[in-house]
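Notes follow once the structure below has been shown.
Derivation of every value follows stated rules applied to the coordinates shown; laboratory data play no part. Note that this is a predicted model, so its numbers are computed, not measured. With ideal geometry, Cβ positions are generated from the backbone for all residues, glycine too; neighbour counts draw on all protein chains shown.
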Amino acid sequence: MLARSRPLILDPLSGHPESSLHVANLNLRGTIKELAQLDGAFVVSREGIFLSACRYLDAVTAEVNVPLGLGSRHIAAANMSAVTKAVGIVVSESSVVRLFCHGHLVGEIIPEVWMMDHAQLGGVPLRGSKSAN
């Protein structure tokens, strides 16, 4: 991934210890939310370590299968998943999360539907959610 992309700005995650860059690190959440507002992609290792932020991904559309209506960030993620072993995860401007593998769209999460399926009100599941009880 790093070889097929380039930084758009000086990498704000560079030089920090891996222990502080793990996706499960709650202290990192605010930083990631702020960086997500900038242009470019994140590169995350299989182990869940943020390797880089604000990356420009080379997007060649000849190798991917992206549904009509999806834009350049989807094409870039799909292409990277086609030419590397990476899984592309894209959060669209409408907050829909799409997953790409081997250049194809393989999953979609619509936040409002997901929240309704996973929400509970006073211990009572909403909209057919299954309770852990």
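Given a Förster radius of 41 Å and the C-beta distance between His102 and Ile9 as r, what FRET efficiency does 1/(1 + (r/R0)^6) yield to the nearest 0.05? Please report the intermediate quantities before stating the final value.
Numbers: r = 30 Å, r/R0 = 0.73.
Using R0 = 41 Å, I get an efficiency of 0.85.
Tell me which trypsin sites (Lys or Arg not before Pro) from the range 1-56 have a DSSP coil assignment and no more than 12 other beta carbons within 10 Å of their own.
Working: sites: Arg4, Arg29, Lys33, Arg46, Arg55; in loops: Arg46.
Sparse-neighbourhood loop trypsin sites (Lys or Arg not before Pro): Arg46.
Taking 0.36 nm per intervening residue step and subtracting the Cα-Cα distance, what contour gain separates Leu2 from Ser95 on full extension?
Working: separation 93, 0.36 × 93 = 33.48 nm, distance 2.55 nm.
Extra length available between Leu2 and Ser95 comes to 30.9 nm.
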query = What fraction, in whole percent, of alpha-carbon pairs in the chain exceed 27 Å separation?
reply = 29 percent
ask   = Counting Lys and Arg as +1 and Asp and Glu as -1, what is the net charge of the other residues whose Cβ lies under 11 Å from the Cβ of Val90?
value = 0
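What per residue convex hull volume, in Å³, do the alpha-carbon atoms of the range 62-119 yield?
Values: hull volume 4.4 nm³, N = 58.
Cα-based convex hull of the range 62-119, divided per residue, equals 76 Å³.
With a sphere of radius 12 Å drawn around the Cβ of Leu35, what net charge do the other residues whose Cβ falls strictly inside it have (Lys, Arg +1; Asp, Glu -1)?
Values: positive: Arg29, Lys33, Arg55; negative: Asp11, Glu34, Asp39.
Within the 12 Å Cβ shell, the charges total 0.
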ask   = By how many nm would the segment from Leu38 to Val60 lengthen if fully extended, with 0.36 nm per residue of separation less the alpha-carbon distance?
value = 5.7 nm
